[in-house]
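So the structure is just underneath, and the comments pick up after that.
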Amino acid sequence: MNILTGVLAVGLAAAPAIAQTAPAGEGPGPLAPRDECTGLPGYAEFHQRLERAITLRDADALIALTDPDVTLDFGGGSGVEELRKRLDAGAYNSWDDLADAVQLGCGIGEEGAQDTDYIAFPWYFTKTFGGEVFETVIVTGVDVPLRFAPAEDARVIERISWDWALVRYDDQYVDGHEETDQQTGYQAVMTQDGAAGYIADHALRSIVDYRIAVNRIDGKWTITAFVAGD
């Protein structure tokens, strides 16, 4: 039951509620990396073992922290042996995906939705904010420029630090040419105050990018899902 609760929470946490920004806390921006889980029993040891497994790329150590039926995608992919295959494949559910999620910090649910037997990486995945999930992106940096055009020398409209914005999928074309964000290296976005511009792709992370769901099962923190998408 705990496993099911955690997996469902991964999907529900990303669903839009009201357009709000998570409360300000540590770091130079409302969604900057932070760790809300430090006071939870057993978390410090779990986190240390997880980081060590990632640093050493030790699949056995990671699997020791993982539920045998871990969810890996929404198409039926699951299980620790499948996870072992994917870690070094590089396409998805890779070591890099795992490391990126953990580096963004650990979160627990907010207010009435708090469940101290469920945590997630990145920390902000346990919060509700933004718009439609596939349009919401996190600006991952400090003073990231929102530019008037998709070019490094374009005028800076404003600067954003660790906050969310919405991708303008209808405005990815530039000057009538079919130049996508992948070709320009920029994505068309709109900020919370309605400013429209372009942000470098490397400074954006989809709200439904890789996340790790962890449940406390029989007193032990256990990875129950490592997924992307919704």
Task: Gain upon complete extension [Arg155, Gln183; 0.36 nm per residue less C-alpha separation] - done: 8.1 nm
Task: For region 82-159: accessible area per residue (Å², 1.4 Å) - done: 45 Å²
Task: Sulfur and carbon atoms: percent of accessible area, region 27-79 [1.4 Å] - done: 50 percent
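The values are calculated or read from the model by the stated rules, or taken from the named source; none is laboratory data. Predicted, not measured: the structure shown is a model, and the values here were computed from it. Heavy atoms of the whole protein, side chains included, go into the accessibility calculation; ligands, DNA and RNA do not. Shrake-Rupley method; radii C 1.70, N 1.55, O 1.52, S 1.80 Å.
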